[in-house]
Structure formats: structure tokens, C-alpha cells
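Below you'll find the structure, written out as C-alpha cells, and then a few comments.
The values are calculated or read from the model by the stated rules, or taken from the named source; none is laboratory data. The structure presented is a predicted model; accordingly, all values stated were derived computationally and were not measured. A quick note on method: Cβ atoms are made from the backbone with ideal geometry, for glycine too, and the neighbour counts reach across all protein chains shown.
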Amino acid sequence: MRICAERHKLLWWQNSPRRQRSRMEMTMRKKRNTGFFRNLFRGLFFGQNTMDPPVIEEEPVRSPMRMILIQYRDNKVAMTGLVVFVLIFLACFILPILYPLDPSYQDVTQQNLPPGFSQQKVPRALRQNAKQIDAGAAFSIGIDQNGTVYLWGILDDKLKAVPEDLKPVSQVSAGLSHVLALQEDGTLRTWGNNRFSLDQVPESVQGRSDIKQIEAGYQISMVVTEGGELFVWGNENLISIETGKVQGNVEKIVSNTTTALALTKDRQVVSLSAKESTFDAVPQEIQGRAVDLAATDKSAAVLTEDGRITVWGSQDFGVQEIPQKVQGATVAIEAGRSHFTVLLKDGRVVSWGRNNFHQTDVPAEAETAASIHAGYYQNYVIREDGSVASWGLKGYLMGTDDFGRDVFTRLVSGGRLTMTIGAIAVIISTLIGVLIGGFSGYYGGKIDNILMRFAEIVGAIPFLPLAMILSSIVGNNVSELRRISLIMVILGVLSWPGLARLVRAQILAEREKEFVTAAKAMGIRELSIIFRHILPNVVTVIIVNTTLNFASCLLTESSLSFLGFGVVEPNPTWGNMLTGSQASTVIVNFWWRWVFPALALSLATISINLIGDGLRDAIDPKSNER
Amino acid sequence: MIRYIARRLLYVVFVFFIVSILMFGIYKMVPGDPARMMLDTSIANTDPEQYNKLYQEARERLGLDKPIVVQYVSWIGNMLRGDFGYSSQYRMPVIDMVKTPMKNTILLNLASLVLVFGITIPLGIVTAVKQYSVFDTVVQVGTVVGYSLPAFIISLVCIFFFAVKFPIFPISGVNTAGFTGTGWAKVLDTAKHMALPLLVMTLSSLGGITRYVRAAMIDVLRMEYIRTARAKGLREKVVIYSHAFRNALIPVVTIVTGWFVGVFGGSVVIESIFMWNGIGNVLFTALKQQDFAVVLAMQMFYVVLTLAGNLIMDLGYCLVDPRVKLE
């Protein structure tokens, strides 16, 4: 037992004791050492689990490559590094296929949301007893049959501050970051975001008890009274609407992030936009027959008496491709930011439009719905018995950044870009380094002198400043793809001198050996001697160097992108995802924006360096004494 | 020895000129005509003839009408005479503009140099002497982590802990804005601002140098004369600190000298994150503002630093180790 513990202690960092001990001890040790990974690795790469040779028998001759593999396999730290790196690598090259990145995607309503999947976690008490639900940007509000208010999702302190004297509520509405609640006695309450006096009910509305409909929108609040009057307050610079033409005649109001539409008492649809907009082109044939109304950001839909849907506005995301089965069978319509959800006569629910957060994937349990409630990217269905079903955006695994983009998607896509740039840069630098080092070492003399002076010149150019200058001079007026290729080339072309010197030194040592003389005597071409006879003898050194170089290329690319001279927005890399994170507000409040990219980059470089160190130890038994 | 130095110097001069031609070429590739940028474009619309005349005059003044070789010669002549051009951003000669940043950079880097070697030399020795111990293992893993982390990640973590969670140090600037104190108060204020960049700079160099010192020490400990010393019955302390340590210092001294030149260079990443008004930050802002006269001057400055660093390192090696023969 004690020996065992000691062995682990010794093996932890490096594996040299194996060579220092007698063969007998070694064999004994080997027999005990049957860890899971060891067997797995052996099974994967070496066929069946071979028995160790008995003490007296000669150890079978092994090829150097195989020796290296065995040495490497015994190095636990290096193996951990390998496993971690393989995992990161697979994640960066497989996950972007499953979670494709749309570089141009931005969403102001989803800015700086913390990680978590709480957006559709309906409180238990509401789950069987719901009366009405409304979805806000990243939170939802609901009321049960008793008029009690429930809030869930991503709530800031202002939203959590539900008024203590809140009486039973009959209607709720959720906006971007504020809430409207209509109490059963007919009075209105509001809380949440306190800018643009959104947290106060204006005096003109305060006294009224005949409120029919409330609508909390994008930093705006709207109220419709029984008499058809419309009151609007909030950020009217963002959503400029004209209420004059429908005042006193409003039946229902719907709003989106840019404007509002009204359904009048005489079943007309009126666009309230003060500016010209796509919503103005209300189809004439539905006027006078409209019964329900819904609006996404860029399109609007109206439900007519005959149960048919008409959509107008933008055609993005297929919002105008109305499924055939809903025509003539619809009883209610709701809209999110870019999708429509309708309730049919038989209680079925159908959604269409954009599906980036699965907001149109209606689950089976949403059948037998009594009412539908949709907003932003979420959908809720309340069944006859008051139970709730939901679908759409549940949350973000790693939160969102300052443009409302999913950090996780950017992280994996960014990883792919970072790794690709690093890998190609390393390939370029290795090719140049091996070629120049090879020629220089083999030919010596004048060629050596010229090539080494050249290496010295390249080596004397300070790396980061030059890369910054080049990318700022050339980079601004070329396409993104060419800019990225340029960065790869700059990285590759400037980082070869070290390798060239190493290869040269190795080849200098090798070229005096007998096999080279023999090859020369046989009349083999010099190119072939250098690259087919000598190079395989130094290839291990090159591999180690390439691995370590890869890590430093990742670091350099990230530093460049971090400073804004590498890959630039909207294309993500681990470096530019961290740009601007040093601001203390980001560091404290939005930790997910820097912790995840920083962690990914650190893990990647650490594991690559561990692999490189492990390889070096395995290849050169002397080096691991250090 | 003297012949070697002379030859090395010759190489340095040669490399310097080649790189300067490269840099000048890159500078010429910068889009935009400096002569046109000097002129008021409104004249072009009202009086094209007058504008053309002014433009030609500006070109002449800047020497742009001469062939590119002549331009290069006059530029490099100015450089060598200490005229590094004129900063369009600060509206003063580059040489005057970089004086304060240079002072700040040297201050920061010297402090970091002292700290780094004050920590790494003892650490390297202890880990080498206690090779394979738990302590050694922990330090080894720590050093791999240390040299794998980019400076900006270390900065973020340091800001998080020392400026946000426990607000001890300020995160930007050299002095508090509007600070007027002098003497001791000023020193304290600067020290406070320097703490975080200094910490990051030190942390990011610890890993590599600890490994270097440890490797040097292990090499020495395996020498025959150490075995002899032990065989003589000398105490372990004497063997390590008197026989081994002094010899292990040889490679360490060489990198210290190499680093010493780097003291003038500054770090673009760290200085720009902490807005430390140093050489690296000057280069960063100059690039952002497209102030290419400053960029070019800084670039040449860095080239000289690198070349001088390499030369001094090689010379230092043969100065401290008489066994090294220069060919």
C-alpha cells in the first residue's frame, strides 16, 4: 500500500522513475497498474490487453514511436491535458453545427441576461390554477383564479418589488421591463422599470375604474377604457403613435417594438404609427370584419369573423406562410417578436414564423387549450382546467452579451474560429521553419548564413506591434474573410524563426551521421536526403515545437482580437468576446460575459501546453529530469 | 572578444537597416495622402487652381515629390539624428511626447523586474532542490497555468478580486484624476495606481522564469562537482547555496540582462487595459488614432530594443561564464 502511494506521488508530475528502477521492479509495478484509462487507451490503440513479459524474459523491441506513446500514456498530467483538449476541440467543431451562429443577429430586448433556464418556470401554485399569463422580454407574469400575481423568469429588483398593497388582480400585462396590473376594483397598478415615468400611473388614468384592456409594451404603457378611450405613456420617442384618429372608438390595442395597432369598435384595423410604416397598408377586404389582432415586429395579422387570418407587412421568417388548417378555424391570435400563435375552435394550437428559440414548436400538451398567451419569444397555453403548458425560449445556457446574443453559441463558434486561425498559422510557420531550417542546416556555408540572417531579421521584428500595424493598415478595407486569412498569414509568417533555428541545429547534428553518407553514396537527390532521410529523425522535435507554438498562436490571436486588431465584430473569437470586459460594471454585473470565454481560452492553452510538455518528456527522456 | 563584438554590431546595424526599409515600406502603404490631409478641402471646391498650388507646395515641404529612395534616406537620417517625426494626434514632436510615458513604463517594468526575480529565483532553487516533492509538483502545475494564461485574462481576474470584490486598488491611470499633491503623497498615489498593472505583469512572467531557473538549477545539481562537494562531506546548505546556486545564476543573469532592455518596451495589452500612460499605451492609442508617425517611431524603437537585447544577452553570457567561447 505504501509503495503504491509513493508510486503515485512520483508518477504525478513525470514518469522518470520507470527508467531509473530495475526492470524487475518495473514489471511488478506494471502488473499493479491497471487503471481504467490505461486499459481503455490500450484497447483503443493497441488491440488486446497484452500481458507483461515475465521478469527474466527480454523486453520485446519497440519502435520509437510506440515507446513515445507508452511514455506519454503513463504521464497522467499530459493525458488529462489531452482529454481536456480533445473535449474542447470536439465541442468547438461539432457544437457550431448544432447551434449555428448568425453573425448579424442582434436583439435589444435580450441584452445582458444571466445564464439559466428560468424563463418558463411557472410557479407551482400557478401551474394548475392559472387565469391569465403574459410574457415580457425575459420574464413572465401570471394571475391565478384568486387574482394573486406571480412573476417568474429573469427578474431585476424593480420587477421583484411587487406593491405590498396590491389587491386581487383581474388582468396583467408584461412589457420589456415593466408590468401593468389591473385590480379587480378597476384601478391600475404598475411597477418595474422606472424610466420615462413608467412606474407611475398618470393622473388621467388614476381615477378611472372603467379600464377594459391594458398593454405593457416596449418601454410604453397603454390602456383602453370601456368607452373606447386610449391612454399612452412611457418612452414616446421610441414608439411614436398618434391616438387622435381612433380616440373614443378603440376596442383592442396591440403593440410591438416600433408601433401600435388598434382594433376599433366598428371592426376596423388602424395603424397608429405617426411615421410611415409597413403597417399602414392594412388590407381593405378585412375592414369591418376584424375580430382579433396581433403584431410582430415587422408584420401584423388580423382575424376576421369567418375565422380566417390575414397577414401583412414584412415577409421575413415566413410569417406570411399561414398554415392551411388554421384558415376558417381560428378563434384567437397572439404574436411574439417574429411569430404568430393561434388558437383553433377545437382547442388545438398552431404557431408559425421564426423558430430560432423553438417558439413555433407547439408541444403535444398544448392541445385542448382554453386560451393562448404569447409575447417576445415565449408562448403559454392555459387549458380548461387551469393548467399551463409553455414553449419557446426557456433561457440561455451562458447568458447573453450586450447585443443580446447568446454567449454559448458565440463561444463555440468563436472557439472554432480561434482554433482554425491558430492551426493554420502554426501550419504556415512550421512549413517555413522546417524548410528554412532544413536547407540552412544541410547546406551550411553561405546559404546557412543568408537564411539565418533572414531569420534574424524576422525575429527582430517585434511581433504584436507589427501585427497590429499590418492589420490596421490593410485590414480596414478588405472583406472579413480576407482579414481573417491575413491574420493567419501574419501570425504564421512572423513566428517561424525559433523553429528554423531548432531544426537547423538538429540537422547539423544529423547530417554527419553514417546513414547520410550512405544515402549520398547511393546517389539519392539532396532534397530527398534532407526531407526523407534526415527529417524523420528530427520530426519529434518538430511535433513538440508545433504543439507549443499552437498554444502561443492562440494566445497571440486572442491578444490581437482583444485589442481590436484581430478578428472584429460581429465574428466572434475568444479574444474579441472579452473586449471591453475590463470595465468594472461588466466584471461585476455581467460576469458571464467574460468568465466563460476566459475559461475556454485558458483551458485550451493550458491543455495544449500540458500536451506539449508531456510529448517532450516522452520523446526526450533527458528533458523530463528538468 | 572585441572582434566578436564588432562583428555582432555589424550584423545588428545590417539587420536594423533591412528592417527599417521594411517598416518604411509598410508606412508608405498606409492609405491616405499626408499632403492632402494637411490642406483645407473647402478650397478645392471654390478655387481648384489655388488648391493645386497649395497641394504641390505641401508635397514639396513633406518631400513627397522626391523619389522614394531619397525619401527613405532623409527619413532614416532624421531618425538617426533623433528627429522621430511629428505626432498629428498630440501636435508635438514624437520625442517630446514619449518622455512621460517612457518614465512610467520604466517605473512599472523596473518594479516588476525586481519582483519577478525576487520571487522566481528562490522558488526555482527550492523546487529544483526538492524535485518531485509535493511542493515542486504544485509549483510546476502552477507555472504551466501561469504561462498559458494570456495577460488580459490575468488582468480581468485581478480586477475582479482587487478592484471590484475588495476595492483596494484603482483600475486605471497613473495618478488620480486632478491629483495635485507632491512629494510623498504623489509617490503613494502612483504606487496605488501601479499595484494592479504591476501584479498582472509579475504574475504573467512568473511561470516561464520559474521553470527556467528550476531547469538551470537542476542542470547544475547533476554536475560532477556537486557530487564531489557532497563526497567531501560539505553540508547540504553549503553545497546548494555556495556551489550550485552560483553556477545556476549564469543562465539566469543572462536573461536578467535581456529583460533589462525590455524595461523600456512596455506591454501593449497590460498598459492599455489599465490605461497606464506608458510606451505600450502610446503605441496602442497611436494605432487607434491612425497617428502613423508615432507608430513608425515606436516600431523602430522596438526593433532597436530587440536587437540590443539579443546582443547584450549573448555578451552577458560570456561575461559571467568564462567557459563560454564566442566563435
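The requirement of being surrounded by 20 or more Cβ atoms within 10 Å (Cβ to Cβ), within 14 Å of another protein chain (Cβ to nearest Cβ) and at pLDDT 85 or above is satisfied by A:ALA455. Under 9 Å between Cβ atoms, which residue pairs at least 6 apart in sequence (or on different chains) link something in segment A:492-517 that is at pLDDT 85 or above with a partner that is hydrophobic (A, V, I, L, M, F, W, C) and assigned to a loop (DSSP other than H, G, I, E, B)? Listed by first residue and then by second, the contacts come to A:LEU494/A:ILE461. Examine segment A:607-626 for a residue that is of a type in the set (A, V, I, L, M, F, W, C), more than 24 Å from A:GLY433 (Cα to Cα) and at the interface with another protein chain (Cβ under 10 Å from one of its Cβ atoms), and state whether such a residue exists. The answer is no; no qualifying residue exists.
Hey, any hits in segment B:164-174 for a residue that's under 22 Å from the mean Cα position of the chain (by Cα), among the hydroxyl-bearing types (Ser, Thr, Tyr) and under 19 Å from B:ILE273 (Cβ atoms)? The answer is yes, given that some residue of segment B:164-174 is under 22 Å from the mean Cα position of the chain (by Cα), among the hydroxyl-bearing types (Ser, Thr, Tyr) and under 19 Å from B:ILE273 (Cβ atoms).
State which residue is surrounded by the most Cβ atoms within 10 Å (Cβ to Cβ) when the search covers only segment B:291-326 and only residues that are assigned to a loop (DSSP other than H, G, I, E, B) and without any contact (Cβ under 8 Å) to a residue 40 or more places away in the chain.
B:VAL324
Which of the strands (runs of 3 or more DSSP E) contained wholly in segment A:109-187 include at least 1 residues that are of a type outside the set (A, V, I, L, M) and over 20 Å from A:ILE372 (Cβ atoms)? Correct list: A:178-183. Within segment A:385-421, restricting attention to residues that are in contact with a strand residue (DSSP E or B) (Cβ under 7 Å, 6 or more places away or on another chain) and small (Gly, Ala, Ser), the residue that is farthest from A:PHE590 (Cα to Cα) is A:GLY386.
Tell me, yes or no, whether segment B:64-80 has at least one residue that is farther than 21 Å from B:VAL282 by Cβ, at pLDDT below 75 and in contact with a helix residue (DSSP H, G or I) (Cβ under 9 Å, 6 or more places away or on another chain). Yes: one or more hits. Is it the case that some residue within segment B:212-235 is of a type in the set (Gly, Ala, Ser), within 14 Å of chain A (Cβ to nearest Cβ) and at negative phi? Looking for residues that are of a type in the set (Gly, Ala, Ser), within 14 Å of chain A (Cβ to nearest Cβ) and at negative phi, one finds at least one in segment B:212-235, hence yes. Within segment A:357-376, the set of residues being free of Cβ contacts under 8 Å to residues at least 60 places away in the same chain and either of a type outside the set (A, V, I, L, M, F, W, C) or touching a helix residue (DSSP H, G or I) at 6+ places or on another chain (Cβ under 8 Å) (or both) comprises A:HIS358, A:GLN359, A:THR360, A:ASP361, A:PRO363, A:GLU365, A:GLU367, A:THR368. A single entry from B:LEU221, B:LEU199 fulfils the requirement of being touching a helix residue (DSSP H, G or I) at 6+ places or on another chain (Cβ under 7 Å), without any contact (Cβ under 8 Å) to a residue 60 or more places away in the chain and not small (Gly, Ala, Ser): B:LEU199. Applying the condition of being part of a loop (DSSP other than H, G, I, E, B) and without any contact (Cβ under 8 Å) to a residue 24 or more places away in the chain to segment A:318-330 and asking which residue is nearest to the chain's Cα centre (by Cα) yields A:GLN320. Of everything listed in (1) in a helix (DSSP H, G or I); (2) more than 9 Å from every other protein chain (Cβ to nearest Cβ), the single unmet condition for A:GLY580 is (1). Looking at (1) farther than 28 Å from B:ARG211 by Cα; (2) facing chain A (nearest Cβ under 10 Å); (3) modelled with pLDDT under 85, which is the only condition B:SER267 fails? Going through the list (1) farther than 28 Å from B:ARG211 by Cα; (2) facing chain A (nearest Cβ under 10 Å); (3) modelled with pLDDT under 85, B:SER267 breaks only (1). When the residues of segment A:178-208 are filtered to those that are among the β-branched types (Val, Ile, Thr) and crowded, with 17+ Cβ neighbours inside 10 Å, the one that is farthest from A:LEU155 (Cα to Cα) is A:VAL205. Looking at segment B:253-274, can you tell me whether even one residue there is over 14 Å from the mean Cα position of the chain (by Cα), more than 27 Å from B:ALA163 (Cβ to Cβ) and surrounded by fewer than 18 Cβ atoms within 10 Å (Cβ to Cβ)? There is at least one residue in segment B:253-274 that is over 14 Å from the mean Cα position of the chain (by Cα), more than 27 Å from B:ALA163 (Cβ to Cβ) and surrounded by fewer than 18 Cβ atoms within 10 Å (Cβ to Cβ).
Test B:THR285 against the criterion of being under 30 Å from B:GLY82 (Cβ atoms) and either away from chain A (no Cβ under 13 Å) or assigned to a helix (DSSP H, G or I) (or both), and give yes or no. Yes, satisfied. Hey, any hits in segment A:558-573 for a residue that's among the aliphatic types (A, V, I, L, M), within 14 Å of chain B (Cβ to nearest Cβ) and either closer than 21 Å to A:ARG504 by Cβ or surrounded by fewer than 24 Cβ atoms within 10 Å (Cβ to Cβ) (or both)? Yes, segment A:558-573 has at least one match.
Candidates in segment A:458-485 are the residues that are surrounded by 14 or more Cβ atoms within 10 Å (Cβ to Cβ) and among the polar types (S, T, N, Q); of these, the one that is farthest from the other protein chains (Cβ to nearest Cβ) is A:SER485. Annotation note: of A:GLY438, A:GLY422, A:GLY399, A:GLY433, the sole residue that is within 14 Å of chain B (Cβ to nearest Cβ), buried (at least 21 other Cβ atoms within 10 Å of the Cβ) and either touching a helix residue (DSSP H, G or I) at 6+ places or on another chain (Cβ under 7 Å) or modelled with pLDDT of 90 or more (or both) is A:GLY422.
Within segment A:432-455, the set of residues being closer than 24 Å to A:SER559 by Cβ and either over 36 Å from the mean Cα position of the chain (by Cα) or free of Cβ contacts under 8 Å to residues at least 24 places away in the same chain (or both) comprises just one member, A:ALA455. Taken together, A:LEU499, A:LEU527, A:LEU508 contain a single residue that is assigned to a helix (DSSP H, G or I) and surrounded by fewer than 12 Cβ atoms within 10 Å (Cβ to Cβ), which is A:LEU527.
Looking only at segment B:232-242, residues that are part of a helix (DSSP H, G or I) and surrounded by fewer than 19 Cβ atoms within 10 Å (Cβ to Cβ) come to 5 in all.
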